Amino acid sequence: MRQEEKRMTQRMAPEGATIPLPRTIHLVPMDTLDGYDVRPGFYEINGATAIPGGVNFTVTSSGATSIELLLFRRKEDTPYAVLPFPEHYRIGNVYSMIVFKLNIEEFEYAYRVDGPYEPEKGLIFDKSKYLLDPYARAVTGQSQWGVSASDGQHYKARVVKDDFEWGTMEQPLLPMEDLIIYELHVRGFTRDGSSGVLHPGTFAGLMEKLPYLLELGVNVVELMPIFEFDEMQDYRIVDGQELYNYWGYNTVSFFAPNTSYTASTEYNREGNELKTLIQVFNRHGIEVYLDVVFNHTAEGNEQGPFFSFKGFDNNIYYLLTPGGDYYNFSGCGNTLNCNHPVVHQMILNCLRYWVTTYRVNGFRFDLASILGRNEDGSPMNQPPLLQSLAFDPILADVKLIAEAWDAGGLYQVGTFPSWNRWAEWNGRYRDDIRRYLKGDAGMAQAAALRIVGSRDIYEVHSRENASVNFITCHDGFTLRDLYSYNEKHNEKNGWNNTDGANDNNSWNCGAEGDTKDPKILALRQRMMRNAFALLMCSRGIPMFLAGDEFGNTQFGNNNAYCQDNKTSWLDWGLLKENQGMFRFFQYMIKLRKEYRVLRANVSEGACGLPDVSFHGVKPWKDGFSPCDRYVGVLFAGQEKGMRPQLIYVASNAYWEELLVELPRLPGDMHWECVADTWQEVQKAWQVNETNVRIQPRSVMVFVGRK
C-alpha cells in the first residue's frame, strides 16, 4: 500500500482496525447536456453556487415530473441553453447538477418545471413558465426602480460571488433594554433632493446620514423591506401621479437584496453595498434590523403572477383551502405555509443566510401571527417554526421582533409564542397612549400600565424585554399628522379614501391640516413633545418613525404604501425649520440612556420606595378613576455600588393647569425638574416646594438629587 493510501486508511478507520482501499478509484463519467459537461451536484447546498470549475445548481420539488435548467445571456429573454436534469440526478425530491465551465458573469438562469395540473388539489404545474429559483441570491431585471422584469412573469437569477471582507468587525450585541429603534424606508429616507446626499434613495445614501443618526442618538435602524420585491405590482396612475408598491411588502425573493436600492450595479456581487452599510453602522455601535415578510409572496391569489413558488410546489408553499383556493390571512392574496417542513426549513435557512452572510443584527416579522398558523390555517400553541427560530444556535444573538397579529383577525399581543425569546410590537401601547394623550376619559390607568412596561400584559407570562413601545410607525400617521388631522386623507391612493385605518386616535388640535394659527401650532408642537417624552420614559423598547424628530408630514395620508413621491419621502428642509423639536428628541434620548431605571427594573426599589408606583395630583394612588387625566409614575432603583435613581414622570392630559404634590423624598434629597414639554428649550431647575404647577396638556420629568 502506498504511503498516501495508508494515511487515508488510518484516518478513516476505527482505532485498531484497517479498511482496505481499492487500488483504482473509478470516477463516474460526466454527462453532456446541450454542449455542457455535467455531473450530479451537492444536494444539500440549495440554490446556485459557484465552485471550482463550474456552478452547482440544486432545486427541490415534490410534485414535479421533470425540471429543466435554463441559461440566458444577460438581458435576453430566450435561453441559449436548456439542460434537463437527468433522472439519476434526482435524490428524493432534490435535483442537483454541476455544470462545468460556466463563467458566472456571463449568464443568468431560471427553471422550467413539469408536473400534473390538478387545481382542485393545489397542483398547477406549467412547463411554459420560467421560474425563479426560490433560493436565488440575486434577481435580474430589477436594478432600476420603476422597471419590472417582463411584468414580473420572467424573473431570472444570477450567481453571486461572496467575497466581502468583514475583517475583525465585532457586532454591537446591544442589550434589549438599551435599544432605541429608528424605523425607516431606505428609498424614502434620502430620495428627496433636500437630503443633500450624493446617492439619494440608496443604501449608500443612508450611509451618508450616519453622522446625523449618531447625533440623534438612536442605536438601531430598522429597515422596511429590502428583500427583492416588485414595485411595479399594482402600478397605476391616479390624477397624473404614478403609484407603485413603494413599501415593498410583496416579496419576490427571500434571499436576494433589492438591487434598485444600490447606488451602482453590482453584477454578481449583489449585496456588497448593503454589507458595507451594516459593517459601517455596526462599527459605530448601531445595529441593523430587517423588516421581513414571510407571511405571503408577490404571487398573489389565483389571478396573481406565476413566477416561482406556484410552479415548484404550489400546494406546499401556500395555505390552500380543501378546494385548492388560497387562504388570505395576509390580506395580500395568499398566505405562506410557514409550518410545512419544507417552508419551515427555507425560512430558517433564509434567516441564517442573512445573519452569516450579511451580519444582520435583528429581524422584525411582518404579520408574524401567520408564522404560527397550522397547514389548515388554525393557530398553533407551540408553532415549530417559531420554536426553531427561538432556539437556533446561529440566531442566538439576533433580536426577534413580532408584529403579533395578522389580517385574518388573529391578535396575539402579550400571548405570542415566545419561549422568552421573542419581543412584540405592542399595539396596545400605541392605542392606549394615543387615547390618553388626546384626553379621552378613562385612559389614565391603561396609560400608567403602559409606561411601566405593560406589566398587565407581559409580567403575567414572565416575559422580559418583550414590549416594543411605539406611538407611530410606517403604517399610519406620522407624529406631526397625528396632531394635525382628525381623519385620514388618502384620496391620492386612488381608493376614494376607503383604504387605511379609521381608528387613528388622532386629534387635529382645532384645525384640520395646515394652519397659521400660532396657538394651534404651539399646541401641536407640545403634543408631539408629550408623546416622545412618554415614549422615552416608558419601560420596554422604544421605537419611532424616521422624520418624526423634525416634524415630517404625509399630509394626512395614513396608508402611504403606494406613494413614491414627496408624500412619503422625508423633507429634510423641515429639520432646519424644526430644530427645536430635533433637539428635544435628542435630549430625551440622552436622558433615557443616562438613567437605567427608565429602561429596566434594576432592583426592588431604593430609598424605601418600590420599583414603580402610581400617583395622582396627590401622591400614592392605588388606582385611577374614569375622570382622571393626570398620571404620575415614580421609578426607583439602585444598582450595586451606585447612587439610587429616582425618576418621577408627571403627565397632564387635562386641558387645564393642575397643582401636583410630588412624592416626598428622604431628607437629604430634593426633586429637580429635568424636562418640561411646556417649554421648547429644556433647562433643569431645582424644586424647592412640595407642590408644583403642571401646565395644561404637558409632561414633566423630575429626578431625585442629593
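The values are calculated or read from the model by the stated rules, or taken from the named source; none is laboratory data. For clarity, every value in this text was computed on a predicted model and none was experimentally measured. Don't worry about glycine lacking a Cβ; one is built from the backbone with ideal geometry, like all the others, and counts go over all protein chains shown.
When segment 249-265 is filtered for residues that are within 22 Å of GLY47 (Cβ to Cβ) and either over 19 Å from the mean Cα position of the chain (by Cα) or part of a loop (DSSP other than H, G, I, E, B) (or both), the ones remaining, listed by number, are ASN250, ASN258, THR262, THR265. Residues in segment 31-72 that are over 39 Å from the mean Cα position of the chain (by Cα) and among the hydrophobic types (A, V, I, L, M, F, W, C): 2 in all.
Among the conditions (1) among the hydrophobic types (A, V, I, L, M, F, W, C); (2) surrounded by fewer than 24 Cβ atoms within 10 Å (Cβ to Cβ); (3) in contact with a Pro (Cβ under 6 Å, 6 or more places away or on another chain), LEU535 misses just one, which is (2).
Screening ALA606 on (1) touching an Asp or Glu at 6+ places or on another chain (Cβ under 9 Å); (2) buried (at least 21 other Cβ atoms within 10 Å of the Cβ) shows it passes everything except condition (1). Where residues in segment 268-278 are out of contact with any strand residue (DSSP E or B) (no Cβ under 7 Å at 6 or more places or on another chain) and over 11 Å from MET207 (Cβ atoms), which of them is surrounded by the fewest Cβ atoms within 10 Å (Cβ to Cβ)? In this case the residue turns out to be ASN268.
Are any of the residues in segment 582-590 within 30 Å of LYS492 (Cα to Cα), touching a helix residue (DSSP H, G or I) at 6+ places or on another chain (Cβ under 9 Å) and assigned by TED's automatic domain parsing to the domain that holds LEU449? Yes, the conditions are met somewhere in segment 582-590.
Screening segment 665-696 for residues that are of a type in the set (D, E, K, R) and in contact with a Lys or Arg (Cβ under 6 Å, 6 or more places away or on another chain) and picking the one that is farthest from GLN586 (Cα to Cα) gives ASP668. Here ALA396, ALA407 are screened, and the one residue that is without any contact (Cβ under 8 Å) to a residue 24 or more places away in the chain, under 23 Å from ARG364 (Cβ atoms) and surrounded by fewer than 18 Cβ atoms within 10 Å (Cβ to Cβ) is ALA396. Among the residues of segment 635-678, those identified as of a type in the set (A, V, I, L, M), assigned to a loop (DSSP other than H, G, I, E, B) and in contact with a Phe, Trp or Tyr (Cβ under 7 Å, 6 or more places away or on another chain) are ALA653, LEU662, LEU665. Of the residues GLU656, GLU680, which is free of Cβ contacts under 8 Å to residues at least 60 places away in the same chain and out of contact with any strand residue (DSSP E or B) (no Cβ under 6 Å at 6 or more places or on another chain)? One residue alone meets the criteria, GLU656.
Go over the candidates THR168, THR202, THR190, THR140 one by one and state the one that is in contact with a Pro (Cβ under 6 Å, 6 or more places away or on another chain) and farther than 25 Å from ARG592 by Cα.
Just one listed residue meets the conditions, THR190.
Taken over segment 352-408, the residue count meeting the criterion of being β-branched (Val, Ile, Thr) and part of a loop (DSSP other than H, G, I, E, B) is 3.
Does at least one position in segment 511-523 carry a residue that is hydrophobic (A, V, I, L, M, F, W, C), touching a helix residue (DSSP H, G or I) at 6+ places or on another chain (Cβ under 9 Å), under 15 Å from THR478 (Cβ atoms) and at pLDDT 95 or above? No: zero hits. Return yes when ASN496 is at pLDDT 95 or above, on the phi < 0 side of the Ramachandran plot and not in a helix (DSSP H, G or I) and no when it is not. No; evaluated as a whole, the condition is false for this residue.
Going by the structure shown, is ARG524 surrounded by 18 or more Cβ atoms within 10 Å (Cβ to Cβ), assigned to a helix (DSSP H, G or I) and free of Cβ contacts under 8 Å to residues at least 60 places away in the same chain? For ARG524, the condition - surrounded by 18 or more Cβ atoms within 10 Å (Cβ to Cβ), assigned to a helix (DSSP H, G or I) and free of Cβ contacts under 8 Å to residues at least 60 places away in the same chain - is met. VAL221 fulfils the conditions (1) in the same structural domain as MET588 (by TED's automatic domain parsing); (2) assigned to a loop (DSSP other than H, G, I, E, B); (3) β-branched (Val, Ile, Thr); (4) in contact (Cβ under 8 Å) with a residue 60 or more places away in the chain except for a single criterion, (2). Filtering segment 234-267 down to residues that are within 29 Å of GLU106 (Cα to Cα) and surrounded by fewer than 18 Cβ atoms within 10 Å (Cβ to Cβ), which residue is modelled with the highest pLDDT? My answer is ALA263.
If we scan segment 371-379, do we find a residue that is under 23 Å from VAL612 (Cα atoms), touching a Gly at 6+ places or on another chain (Cβ under 9 Å) and of a type in the set (Gly, Ala, Ser)? Within segment 371-379 (the criterion being under 23 Å from VAL612 (Cα atoms), touching a Gly at 6+ places or on another chain (Cβ under 9 Å) and of a type in the set (Gly, Ala, Ser)), the answer is no, since none of the residues qualifies.
Being crowded, with 16+ Cβ neighbours inside 10 Å, of a type in the set (D, E, K, R) and in the same structural domain as ASN46 (by TED's automatic domain parsing), is that true of even one residue in segment 69-85? So far as segment 69-85 goes, no, none of its residues is crowded, with 16+ Cβ neighbours inside 10 Å, of a type in the set (D, E, K, R) and in the same structural domain as ASN46 (by TED's automatic domain parsing). Residues that are of a type in the set (D, E, K, R), in a loop (DSSP other than H, G, I, E, B) and surrounded by 22 or more Cβ atoms within 10 Å (Cβ to Cβ) within segment 546-586 comprise just one, ASP564. Being without any contact (Cβ under 8 Å) to a residue 40 or more places away in the chain, closer than 30 Å to THR190 by Cα and of a type outside the set (A, V, I, L, M, F, W, C) narrows it down to one residue among GLU299, GLU242; which is it? Answer to the selection: GLU299.
Checked against (1) of a type outside the set (Asp, Glu); (2) closer than 15 Å to GLY556 by Cα; (3) free of Cβ contacts under 8 Å to residues at least 40 places away in the same chain, ASN490 passes all but condition (3). Summed over segment 176-217, residues that are more than 16 Å from the chain's Cα centre (by Cα), part of a loop (DSSP other than H, G, I, E, B) and either within 20 Å of THR567 (Cα to Cα) or not small (Gly, Ala, Ser) (or both) total 10. Residues that are in contact with a Ser or Thr (Cβ under 7 Å, 6 or more places away or on another chain) and hydrophobic (A, V, I, L, M, F, W, C) were ranked within segment 645-697; the one that is nearest to ARG435 (Cα to Cα) is TRP678. Restricting ASN339, ASN349, ASN315, ASN295 to those that are of a type in the set (S, T, N, Q), outside any loop (DSSP other than H, G, I, E, B) and over 30 Å from ALA50 (Cα atoms) reduces the list to ASN315. Tell me whether segment 471-482 contains one or more residues that are more than 30 Å from TYR246 (Cα to Cα) and in a helix (DSSP H, G or I). No. Within segment 312-337, residues that are outside the structural domain of LYS129 (by TED's automatic domain parsing) and at negative phi reach no partner that is part of a strand (DSSP E or B) and at pLDDT below 95 with beta carbons closer than 8 Å at six or more positions or on different chains.
Within segment 27-44, the only residue that satisfies the criterion of being at pLDDT 95 or above, surrounded by 15 or more Cβ atoms within 10 Å (Cβ to Cβ) and acidic (Asp, Glu) is ASP37.
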